[in-house]
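Here the structure is laid out as structure tokens; the discussion comes afterwards.
The values are calculated or read from the model by the stated rules, or taken from the named source; none is laboratory data. Since this is a predicted model, take the numbers as computed values, not measurements. In this analysis, Cβ positions are derived from the backbone assuming ideal geometry, glycine residues included, and neighbour counts consider all displayed protein chains.
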Amino acid sequence: MSKEKDITILAIESSCDETAAAVIRNGREVLSNVISSQIELHKLYGGVVPEIASRKHIEKINQVIEEALSEAGITLDDLDAIGVTYGPGLVGALLVGVAEAKAISYVKNLPLVGVHHIEGHISANYIEHPDLEPQFLCLVVSGGHTHLVLVRDYGKYEIIGRTRDDAAGEAFDKVARAIGLGYPGGPKIDKLAKEGNADAIPFPRAHIEGSVYDFSFSGLKSAVLNYINSCQMKGVEINRADVAASFQKAVTDVLVHNAMQAVKEYGIKKLAIAGGVASNSSLRNAMREACEKNNIEFYHPSPVFCTDNAAMIGVAAYYDYINGTRHGLDLNAVPNLKLGERQDQPQ
């Protein structure tokens with residue numbers, strides 16, 4: 001496809017508890033990125049309540065899109081395509097974004113490009129790193145996913161490692177709840193851990209025999225809960241900062257170890273991280289040090305592009321669009337969509 005003309009894409013993201021819209025030009029230039037977060041609402045319940053999330057998306061989505069277009073200084077008539085997350089995620093939340101994107105696509109006769117949420121997280125790295133191009137290795141660490149992905153080309157992915165149980169972000173949330181920090185757990189543990197001793201408590205690091213790149217965090221989570229229960233039964237005071245720091249280091253050690261094993265094995269000199277947990281300062285610092293030591297180029301998005309946002313969806317949509325991906329008006333939300341799966345529909 002000729003790229004003489006600028007390609008402008010409106011992207012919509014509503015897979016969990018952020019209602020987001022962004023306008024992206026030529027895959028790398030962010031003209032606007034508007035995010036309406038529901039965190040304060042879900043804090044009351046200690047986690048995301050799917051029904052509430054869906055209702056909030058319905059309330060906010062038009063407003064967020066209007067704001068994104070206004071900020072970009074364009075109208076719907078200036079767009080070349082619509083990109084939208086269609087999975088994985090909460091089905092009710094996804095449906096709001098998909099329905100909105102289909103409505104705009106139909107009314108304005110614009111091509112519709114459904115985007116995989118994890119593909120979006122990986123693509124967030126392209127926004128601030130113009131030199132980054134496939135192939136590279138990407139560690140995706142979020143509330144729902146922990147994947148080691150070999151990015152062979154734009155839109156071509158091979159998962160070489162994944163979690164066998166809890167995702168890293170899920171473990172952060174559960175441990176945060178156990179030590180009374182509340183939701184969301186990741187940023188709160190990161191902050192408290194700075195006051196603690198990361199070597200105070202010898203929590204386990206799980207390595208899976210026969211699957212060197214896979215992860216498991218349920219045993220670590222159980223070890224933290226058992227430690228807390230044991231202290232309470234013995235009447236021993238719990239140093240929450242030490243628990244946070246020691247737990248965080250146990251997670252980080254495994255993530256870094258597996259990623260370094262993979263880059264060496266595959267002979268790749270570029271490593272990126274993505275997803276909500278990629279904004280964790282301990283993980284960034286440890287990964288940066290490991291990459292420097294092993295002569296690997298290290299890439300990471302700014303924190304605003306680590307958590308759920310529509311800019312990353314717009315970037316992924318651009319590369320899918322120029323590769324010919326199109327979806328019909330029968331595009332549906334796929335809550336358990338696997339990376340690499342497509343729901344391409346003939347137009």
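In the list A310, A333, A272, A316, which residue meets the criterion of being in contact with a Pro (Cβ under 9 Å, 6 or more places away or on another chain) and surrounded by 24 or more Cβ atoms within 10 Å (Cβ to Cβ)?
A272
Looking at the range 92-130, which of the residues that are without any contact (Cβ under 8 Å) to a residue 60 or more places away in the chain and either within 18 Å of I273 (Cβ to Cβ) or of a type in the set (A, V, I, L, M, F, W, C) (or both) is surrounded by the fewest Cβ atoms within 10 Å (Cβ to Cβ)?
Our first condition is that a residue be without any contact (Cβ under 8 Å) to a residue 60 or more places away in the chain; within the range 92-130, this holds for 92, 99, 103, 107-110.
Going one step further and asking which of them are either within 18 Å of I273 (Cβ to Cβ) or of a type in the set (A, V, I, L, M, F, W, C) (or both), we end up with 99, 103, 107, 110.
Working: A99: 17, A103: 12, V107: 9, L110: 18.
Filtering first and then ranking leaves V107.
Do you know which of the residues in the range 1-36 that are buried (at least 24 other Cβ atoms within 10 Å of the Cβ) and polar (S, T, N, Q) is farthest from the chain's Cα centre (by Cα)?
Checking each candidate, the answer is T19.
Give the residue that is farthest from A244 (Cα to Cα), with candidates limited to residues of the range 195-207 that are surrounded by 14 or more Cβ atoms within 10 Å (Cβ to Cβ) and not aromatic (F, W, Y).
That would be H207.
Against the condition surrounded by 19 or more Cβ atoms within 10 Å (Cβ to Cβ), aliphatic (A, V, I, L, M), in a helix (DSSP H, G or I) and at pLDDT 95 or above, how does A278 come out, does it pass?
Taking the combined requirement at face value, the residue does not satisfy it.
Test of understanding: among V48, V151, V113, which residue is outside any helix (DSSP H, G or I), under 21 Å from A259 (Cα atoms) and either in contact with a strand residue (DSSP E or B) (Cβ under 6 Å, 6 or more places away or on another chain) or modelled with pLDDT under 95 (or both)?
Step by step, each of V48, V151, V113 is checked, and only V151 is outside any helix (DSSP H, G or I), under 21 Å from A259 (Cα atoms) and either in contact with a strand residue (DSSP E or B) (Cβ under 6 Å, 6 or more places away or on another chain) or modelled with pLDDT under 95 (or both).
Yes/no per residue for (1) hydrophobic (A, V, I, L, M, F, W, C); (2) in a loop (DSSP other than H, G, I, E, B); (3) more than 19 Å from L95 (Cα to Cα):
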site	(1), (2), (3)
S246	no, no, yes
M260	yes, no, yes
V263	yes, no, yes
R284	no, no, yes
E289	no, no, yes
N295	no, yes, yes
D330	no, yes, no
P335	no, yes, no
K338	no, yes, no
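I'd like the full set of residues that are more than 26 Å from A317 (Cα to Cα) and either crowded, with 21+ Cβ neighbours inside 10 Å or among the charged types (D, E, K, R) (or both), limited to the range 164-178.
Passing the criteria: R164, D165, D166, A168, E170, A171, F172, D173, K174, V175, A176, R177.
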